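Asker: Have a look at this one before I ask anything.
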2 protein chains.
Amino acid sequence: MSAGDRSDLSRGPRCPLPIADHPTVLLAHGGGGRLSRMLLDRVFLEAFRNPILETLHDGALLDLGDARVVVSTDSFVIRPLFFPGGDIGSLAVHGTVNDVAMCGAKPVGLCAGFILEEGLPMETLWQIACSMQEAAREVGASIVTGDTKVVDRGKGDGVFINTTGLGVLLPGADVSPLRARAGDVVLVNGSLGLHGVAVMSIREGLEFETALESDSAPLCDLVRCILERAGNGIHVLRDPTRGGVASALNEIAAQARVGIRLDERGLPIREEVRGACEILGLDPLYVANEGKCLAIVARERADEVLETLHAHPLGDEAAIIGEVVDEHPGRVVLRTRIGGTRFVDMLSGDPLPRIC
Amino acid sequence: MSAGDRSDLSRGPRCPLPIADHPTVLLAHGGGGRLSRMLLDRVFLEAFRNPILETLHDGALLDLGDARVVVSTDSFVIRPLFFPGGDIGSLAVHGTVNDVAMCGAKPVGLCAGFILEEGLPMETLWQIACSMQEAAREVGASIVTGDTKVVDRGKGDGVFINTTGLGVLLPGADVSPLRARAGDVVLVNGSLGLHGVAVMSIREGLEFETALESDSAPLCDLVRCILERAGNGIHVLRDPTRGGVASALNEIAAQARVGIRLDERGLPIREEVRGACEILGLDPLYVANEGKCLAIVARERADEVLETLHAHPLGDEAAIIGEVVDEHPGRVVLRTRIGGTRFVDMLSGDPLPRIC
């Protein structure tokens with residue numbers, strides 16, 4: 001970095017993060033686990049402190065004049081740009097419309113910001129733009145505004161995309177991580193780990209007997225269906241992307257000050273994902289998904305929700321995977337196949353960099 | 001790029017841009033001039049085609065339930081991160097709140113997406129976050145949601161920031177590039193070229209006798225004041241950032257199918273900016289501003305608007321710089337000091353890469 005890149009350290013308060021431990025940004029600060037959480041808490045929340053940001057949902061609920069608008073933003077830096085089951089364009093739409101959906105809202109408009117590296121083939125950009133349009137069209141949202149910047153060769157990596165989604169709350173929706181309470185049931189709409197394993201496999205040049213494809217998909221319609229069926233019996237929705245199911249549930253447990261107990265026998269994980277995870281040295285509970293939704297629902301509505309999920313094209317492998325408990329508030333435990341229990345902590349480190 | 005980065009060219013239609021001329025992305029595709037416009041027209045508008053996007057405003061006006069919401073997005077890749085008069089954090093807020101203001105709206109909420117390069121000093125990130133917060137606080141907007149990604153060393157450049165701004169229309173606002181009509185008067189709130197020249201000077205290691213500072217500033221309050229005074233007599237608002245006044249006015253002229261005539265004697269350009277531009281080989285009309293607003297107003301309201309601008313802290317050097325005419329629709333001409341005229345075209349090439 002040049003001299004001009006250095007801040008004038010005499011200005012303002014010093015960074016509250018204990019920078020003796022982490023004086024520079026590490027890949028793991030972007031991994032969705034413990035270090036991501038520390039960066040969020042100690043830098044961004046500390047600097048930007050305000051009540052809306054502090055709800056720590058997948059998006060924000062904002063009062064704009066007479067309307068309540070849901071907004072969510074995400075940058076996509078996945079490598080490689082094209083992978084089995086999608087590309088950075090479809091992912092950038094799915095990731096953001098899913099975050100809007102996880103707030104109980106229907107996505108209406110999308111903003112797209114592109115950071116292109118000098119030398120990117122124009123044909124590649126065109127394919128990505130077409131994928132975005134197709135993914136947006138599928139959920140009935142429009143890409144309403146955008147921006148393009150170009151950085152010099154070697155200062156980017158092909159293309160990075162930021163998408164921001166705007167949506168309106170669905171009727172009856174009242175979802176928030178704070179609504180998880182003891183007795184609730186934890187469901188997921190299908191098998192875990194497909195996105196991360198598919199991307200890592202192609203990146204590492206591994207070939208498996210069964211071709212693994214990313215599960216990247218828009219969850220808006222599925223969320224609409226379960227909210228229509230169970231209304232405010234749906235307490236929490238969360239898509240387990242970076243950091244996987246383990247990190248997502250740890251965040252919810254910490255926010256709601258409840259415990260969550262998973263049952264290993266109930267976890268829908270395909271054999272080929274288990275096999276790939278063994279080869280790659282990954283735990284499927286920490287692997288990113290892009291078409292999966294965790295739903296924490298009132299116990300008395302769980303069967304209806306499961307039935308509704310099973311009837312949906314994106315929910316045929318849906319399962320009840322655990323429950324919310326009074327014990328060990330803030331933590332997630334797994335009841336193993338052989339009857340023992342172990343704590344499932346947040347991801348620490350980042351075995352899957354640039355997965356989204 | 002690895003094999004996975006290549007698109008499957010057999011999918012979908014081919015890129016409509018004449019890629020024989022530009023098979024890859026050039027820095028100038030991000031410069032705000034002719035090639036940026038071509039990329040927008042032939043790739044993004046072609047792929048995303050929809051009526052809201054096609055208004056080609058600085059932001060989009062979106063119907064969300066009962067509300068009309070203004071939304072604008074921008075990515076910031078400026079080099080260096082800290083420059084005289086600001087840094088990437090303050091710029092990322094000013095740039096986006098100004099785009100919202102140019103739609104005649106008051107910014108309410110901001111989303112922030114960070115793409116960090118592994119190795120960025122944590123203290124630098126903290127300073128940038130504090131600058132963002134200070135800039136947002138100044139305009140009464142909150143940073144309501146965000147996202148952080150980390151890319152490996154050498155695949156980014158310190159930090160890139162995407163900001164998306166949401167706002168509500170100000171009472172009486174009816175601004176659109178399509179409202180420019182012959183007879184209207186073109187005003188600007190102050191002297192031109194400061195941001196670009198300040199950044200280029202430090203980047204090139206040049207020193208001038210007078211220290212030049214970026215004009216980066218939030219224009220929300222200034223826009224509120226002139227809209228309060230002249231209401232729908234304000235026809236068009238535009239901040240002349242990348243590509244400068246010349247490119248901004250060319251875009252408006254093309255959209256409204258009108259001519260615009262500038263008077264060189266009326267252009268507020270400081271002597272030190274002229275001098276720096278001569279050394280740097282730049283034309284001040286093409287240099288980026290970050291605290292300037294072009295207002296195209298009904299002739300009968302021009303004096304009131306000028307008076308209002310002069311009374312505002314960000315408008316003391318405001319001036320009438322030209323008029324909208326019937327002649328040469330789609331083009332901008334400059335009446336020179338010596339009485340001649342010359343066409344002022346869109347920026348072609350990009351003499352000022354990564355200026356915002």
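Asker: Given a 1.4 Å probe and the protein chains all in place, what does the accessible area of B:MET38 round to, in Å² to the nearest 10?
Answerer: It works out to around 40 Å².
Asker: In peptide B:98-108, how many Cβ atoms from other protein chains are near each Cβ within 10 Å, on average?
Answerer: Other-chain Cβ atoms within 10 Å of each residue's Cβ, averaged: 1.
Asker: On each of the three principal axes of the Cα atoms of region B:194-248, give max minus min coordinate, whole Å, ordered largest first.
Answerer: 45, 22, 15
Asker: Hey, if you drop one equal point scatterer on each alpha-carbon of region B:146-288 and run the Debye formula without solvent, what base-10 log of I(q)/I(0) do you get at q = 0.10 Å⁻¹?
Answerer: Debye curve over Cα of region B:146-288, log10 I(q)/I(0) at q = 0.10 Å⁻¹: -0.47.
Asker: Hey, got the Cα dimensions of the protein assembly as shown along the principal axes, in Å, largest first?
Answerer: The Cα atoms of the protein assembly as shown stretch 91, 54, 46 Å along their principal axes.
Asker: How crowded by other chains is A:26-33, given as the mean number of beta carbons from other chains within 10 Å of each beta carbon?
Answerer: 5
Asker: Specify the inter-centroid distance of region B:237-262 and region A:108-167, based on alpha-carbon positions, in whole Å.
Answerer: About 25 Å separates the Cα centre of region B:237-262 from the one of region A:108-167.
Asker: Considering only the label points, 7 Å along Cα→Cβ from Cα, what distances in nm to one decimal separate A:ASP41 from the same position in each other copy, shortest first?
Answerer: Listed shortest first, these distances are 5.3 nm.
Asker: How do A:THR24, A:THR96 rank by accessible surface area computed with a 1.4 Å probe, from largest to smallest?
Answerer: A:THR24, A:THR96
Asker: To the nearest 20 debye, what charge dipole does chain B have about its Cα centre, counting +1 at the Cβ of each Lys and Arg and -1 at the Cβ of each Asp and Glu?
Answerer: Computed charge dipole of chain B: roughly 960 debye.
Asker: From the C-alpha gyration tensor of region B:30-186, pull out the three semi-axes of the equivalent ellipsoid (sqrt of 5λ each), sorted largest to smallest, in whole Å.
Answerer: 29, 20, 15
Asker: Order A:GLU134, B:GLU123, A:GLU323, B:GLU278, most accessible first, counting only protein heavy atoms with a 1.4 angstrom probe.
Answerer: Of A:GLU134, B:GLU123, A:GLU323, B:GLU278, the descending order of accessible area is B:GLU278, A:GLU134, A:GLU323, B:GLU123.
Asker: So the label point sits 7 Å from Cα along the Cα-to-Cβ vector; using that for B:ASP63, what distances do you get to the other copies, in nanometres, sorted shortest first?
Answerer: 2.5
Asker: Another question, then. Let a ≥ b ≥ c be the square roots of the eigenvalues of the Cα gyration tensor of region B:211-349; is it rounded (a/c under 1.5), or, if not, prolate (a/b larger than b/c) or oblate?
Answerer: oblate
Asker: Give me the extension gain from B:GLU304 to B:GLU213: residue separation times 0.36 nm, minus the current Cα-Cα distance, reported in nm with one decimal.
Answerer: Computed gain between B:GLU304 and B:GLU213 is 29.8 nm.
Asker: Now for a different question. Roughly how far apart, in whole Å, are the Cα centres of region B:20-87 and region B:272-339?
Answerer: So the two Cα centres are separated by 23 Å.
Asker: A further question follows. Per residue, how large is the accessible surface of chain A? Use a 1.4 angstrom probe and give square angstrom.
Answerer: Per residue, chain A has 35 Å² of solvent-accessible surface.
Asker: Next question. In peptide B:158-168, what is the residue-averaged number of other protein chain Cβ atoms found within 10 Å of each Cβ?
Answerer: Mean shielding by partner chains, rounded to a whole number: 6.
Asker: Toward the positive end of the charge dipole of region A:236-317, about the Cα centre and with charges on Cβ (Lys, Arg +1; Asp, Glu -1), which of A:LEU309, A:ASN289, A:PRO268 goes farthest?
Answerer: Looking along the dipole axis, the top candidate is A:ASN289.
Asker: I would also like to ask the following. Looking only at the protein assembly as shown, where both bridge partners belong to it, what percent of the DSSP beta bridges are antiparallel (to the nearest 5)?
Answerer: Expressed as a percentage, antiparallel bridges in the protein assembly as shown total about 80.
Asker: Additional query: So what is the relative contact order of region A:177-343, in percent, for Cα pairs below 8 Å that sit 6 or more residues apart?
Answerer: 43 percent
Asker: For B:ARG153, which inter-copy label distances result when the label point lies 7 Å beyond Cα on the Cα-to-Cβ vector, reported in nm to one decimal and in ascending order?
Answerer: Copy-to-copy label distances for B:ARG153: 2.3 nm.
Asker: Could you rank the peptides B:325-331, B:116-122 by their average count of other C-beta atoms within 10 Å per residue, with the highest value first?
Answerer: Averaged packing, sorted descending, gives the order B:116-122, B:325-331.
Asker: A follow-up question, please. Which value at 222 nm does the protein assembly as shown reach when only helices count, each DSSP H run of 4 or more adding -39,500 (n - 2.57), with the total divided by all residues and rounded to the nearest 500 deg cm²/dmol?
Answerer: Result for the protein assembly as shown, helices only: -8000 deg cm²/dmol.
Asker: While we're here: So what are the three principal axis dimensions of chain B from its Cα atoms, in whole Å, longest to shortest?
Answerer: 59, 51, 47
Asker: Okay, moving on. I'd like the accessible area for B:LYS106: 1.4 Å probe, protein heavy atoms, all chains in place, Å² to the nearest 10.
Answerer: Roll a 1.4 Å probe over it and B:LYS106 shows about 90 Å².
Asker: Let me ask something else. Which entries in the list A:LYS149/B:LYS106; A:LYS106/A:LYS149; B:LYS106/B:LYS149; A:LYS106/B:LYS155 go over 32 Å, if you measure between the two C-alpha atoms of each?
Answerer: From A:LYS149/B:LYS106; A:LYS106/A:LYS149; B:LYS106/B:LYS149; A:LYS106/B:LYS155, over 32 Å: A:LYS106/B:LYS155.
The values are calculated or read from the model by the stated rules, or taken from the named source; none is laboratory data. A quick note: this is a predicted structure, and the numbers were derived from the prediction, not measured. We place every Cβ from the backbone using ideal geometry, glycine too, and count neighbours over all the protein chains shown. Surface areas here come from the heavy atoms of the whole protein model, side chains and all, with no ligands, DNA or RNA. Shrake-Rupley method; radii C 1.70, N 1.55, O 1.52, S 1.80 Å.
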